[in-house]
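Engineer: Dropping the structure in here first, questions after.
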Amino acid sequence: MQLSTDLEAWRAEFPILSSTVYMISNSLGAMPRRTADSLAEYARVWAARGVRAWEERWWEMAREVGDKVAAVIGAPAGSVSMHENVTTAAMVALGCVRPPALSAVEGSRTRNRIVCLAADFPSLVYLYRAQQPLGFDVIVVPADSDFTVPLDRLLGAIDERTAFVSFSHVLFKTSYIMDAAAIVAHARERGALVMLDGYQSAGIIPVDVTALGVDFFVGGCLKWLCGGPGTAFLYTRPDLLHTVEPRFTGWFAHRSPFAFDTGAIDPRGDAMRMMNGTPSIPAYYAALPGLEIIAEVGVDRIRARSKQMTARIFELADRYGFPSIAARDPERLAGTVAVDPPDALAVSRALKGRDFLVDFRPGVGIRLSPHFYNTTDEIDRLMAEMARIVEHKDYAAGATLRSLVT
Ligand SMILES: Cc1ncc(COP(=O)(O)O)c(C=O)c1O
């Protein structure tokens, strides 16, 4: 009880909570009130300081934001670089792996496999498939019909032929928490580089990239970190940062960018080594307040509250007779519960039309994603509304939303 009371004090910091039941933080976290001030600060600095802003703050701002992310994911300062989206960040990481086509030409024995999951976010699978002309063989490990991926099946796909393993820490459709420690250890023992996609874990469950021993960890500030679009991140294991040679590089990675020398790059030894061109400065201003709030609230407390709320969703889903594919073991479930009432797509649209903000994903139904700023009362109201819509097949408010992406 104490926990919910403490956290409810944060509600005033998120304007949208006064006009909606905002249960969609797995997609887009609510904007903190102070983000408007931070963006106004960006405009003020640009207007008043102009080009001087680069040397006064902007040039190293990716480092500054990266260090805030680092504090949330158990990474040391200087190990997290910032990118526009996770797909780009993954390309930077993958760009550190020698293309098999090149090794084959040189006659050396080659590791040519990229291993990922059919349950991963599709954007990354598209990216990996696009690397096949470079000699990579892409192994997409299938999921079961409930979207889970048996650990043995994934481990069995990783062997001495594997160059790069990429998998979701938390699966985006079901919020299932993969056994990251076991997978990372297995992959590293076989000499593969491992990248964990933590977009659905960072900010909602505790993450310790150092303890996991992972080579790369990607995620974004858009969802559980309440930072808006345009700020994805890439953690690189600090010892790798001194040796990796990303093929996707640029002048921000150079030790002396203003020498404008076109000889071989002299790369920095910190996270900035993984950067390339001019970064999205306004997105950094947008992201900082959310990152600061998440650090202040604390991911352990967020997780404890999240478990209470996901348990409440299961309780009501059972009471109303709505099936759910989500894992019942709270240790395997992150922040989202997908419930699947009849006509789930129409129901989700009707809910949105009535200011209950949720989304729908094929195969799993309506995803409900409470964050620390939600209340049990909101869950009760949302589930009661869902039950009313289902009982009366009353999808009216959804009609106007038909053209919108859900
Ligand atoms: C697990 C996961 N990875 C990646 C993404 C998106 O990647 P990107 O930032 O490239 O759009 C999402 C978005 O929903 C996601 O849930």
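The values are calculated or read from the model by the stated rules, or taken from the named source; none is laboratory data. None of these values were measured; they are calculated from a predicted model. Positions of Cβ are generated from backbone atoms using ideal geometry, with glycine treated the same way; all protein chains shown enter the neighbour counts.
Engineer: Looking only at helices (runs of 4 or more DSSP H) that fall completely inside the range 47-118, which ones have 2 or more residues that are at pLDDT 95 or above?
Structural biologist: 52-56, 61-73, 86-94
Engineer: Next up: Check whether at least one residue in the range 76-89 is touching a His at 6+ places or on another chain (Cβ under 7 Å) and aliphatic (A, V, I, L, M), and report yes or no.
Structural biologist: Within the range 76-89, one or more residues are touching a His at 6+ places or on another chain (Cβ under 7 Å) and aliphatic (A, V, I, L, M).
Engineer: State yes or no: is LEU222 closer than 21 Å to ARG113 by Cβ and either within 16 Å of the ligand (Cβ to nearest atom) or small (Gly, Ala, Ser) (or both)?
Structural biologist: Taking the combined requirement at face value, the residue does not satisfy it.
Engineer: Return the residues of the range 250-291 that are touching a Lys or Arg at 6+ places or on another chain (Cβ under 8 Å) and either in a loop (DSSP other than H, G, I, E, B) or surrounded by fewer than 21 Cβ atoms within 10 Å (Cβ to Cβ) (or both); say none if nothing qualifies.
Structural biologist: The answer is HIS254, ARG255, ASP266, PRO267, ARG268, ASP270.
Engineer: State all residues of the range 324-339 that are under 20 Å from the mean Cα position of the chain (by Cα), under 11 Å from ARG367 (Cα atoms) and in a loop (DSSP other than H, G, I, E, B); if no residue qualifies, say none.
Structural biologist: ALA326, GLY335, THR336
Engineer: What residue, among those in the range 174-195 that are of a type in the set (Ser, Thr, Tyr) and at negative phi, is modelled with the highest pLDDT?
Structural biologist: Pass one, the range 174-195, residues of a type in the set (Ser, Thr, Tyr): 174-176.
Going one step further and asking which of them are at negative phi, we end up with 174, 176.
On the way: THR174: 94, TYR176: 97.
Result: TYR176.
Engineer: Continuing with this model, one more query. Restricting attention to the range 151-181, report how many residues are among the basic types (Lys, Arg), over 20 Å from GLY365 (Cα atoms) and outside any helix (DSSP H, G or I).
Structural biologist: Here is the first cut: in the range 151-181, the ones among the basic types (Lys, Arg) are 153, 161, 173.
Subset that is over 20 Å from GLY365 (Cα atoms): 153, 161.
Within this subset, residues satisfying the condition of being outside any helix (DSSP H, G or I) are 161.
Qualifying residue count for the region: 1.
Engineer: Count, please, the residues in the range 294-303 that happen to be hydrophobic (A, V, I, L, M, F, W, C) and either surrounded by 23 or more Cβ atoms within 10 Å (Cβ to Cβ) or more than 16 Å from ALA9 (Cβ to Cβ) (or both).
Structural biologist: Here the count works out to 3.
Engineer: Would you confirm, using the coordinates I've provided, whether ARG111 is farther than 26 Å from VAL207 by Cβ, surrounded by 20 or more Cβ atoms within 10 Å (Cβ to Cβ) and away from the ligand (no atom under 16 Å from the Cβ)?
Structural biologist: In short, yes.
To keep it simple, each residue is scored yes or no on (1) more than 16 Å from the ligand (Cβ to nearest atom); (2) of a type outside the set (S, T, N, Q); (3) in contact with a strand residue (DSSP E or B) (Cβ under 8 Å, 6 or more places away or on another chain).
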residue: SER4; (1), (2), (3): yes, no, no
residue: VAL45; (1), (2), (3): yes, yes, no
residue: ARG57; (1), (2), (3): yes, yes, no
residue: ASN85; (1), (2), (3): no, no, yes
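Engineer: If you don't mind, another one. Out of the range 188-210, which residues are more than 13 Å from the ligand (Cβ to nearest atom) and closer than 20 Å to ARG129 by Cβ?
Structural biologist: ALA192, LEU193, VAL194
Engineer: Considering only residues that are under 16 Å from ARG111 (Cα atoms) and in contact with a strand residue (DSSP E or B) (Cβ under 9 Å, 6 or more places away or on another chain), which ones fall in the range 157-178?
Structural biologist: Passing the criteria: ALA157, ILE158, ASP159, ARG161, THR162, ALA163, PHE164, VAL165, SER166.
Engineer: Restricting to the range 187-214, give me the number of residues that are surrounded by fewer than 24 Cβ atoms within 10 Å (Cβ to Cβ), among the acidic types (Asp, Glu) and in contact (Cβ under 8 Å) with a residue 40 or more places away in the chain.
Structural biologist: Residues flagged as surrounded by fewer than 24 Cβ atoms within 10 Å (Cβ to Cβ), among the acidic types (Asp, Glu) and in contact (Cβ under 8 Å) with a residue 40 or more places away in the chain within the range 187-214 amount to 1.
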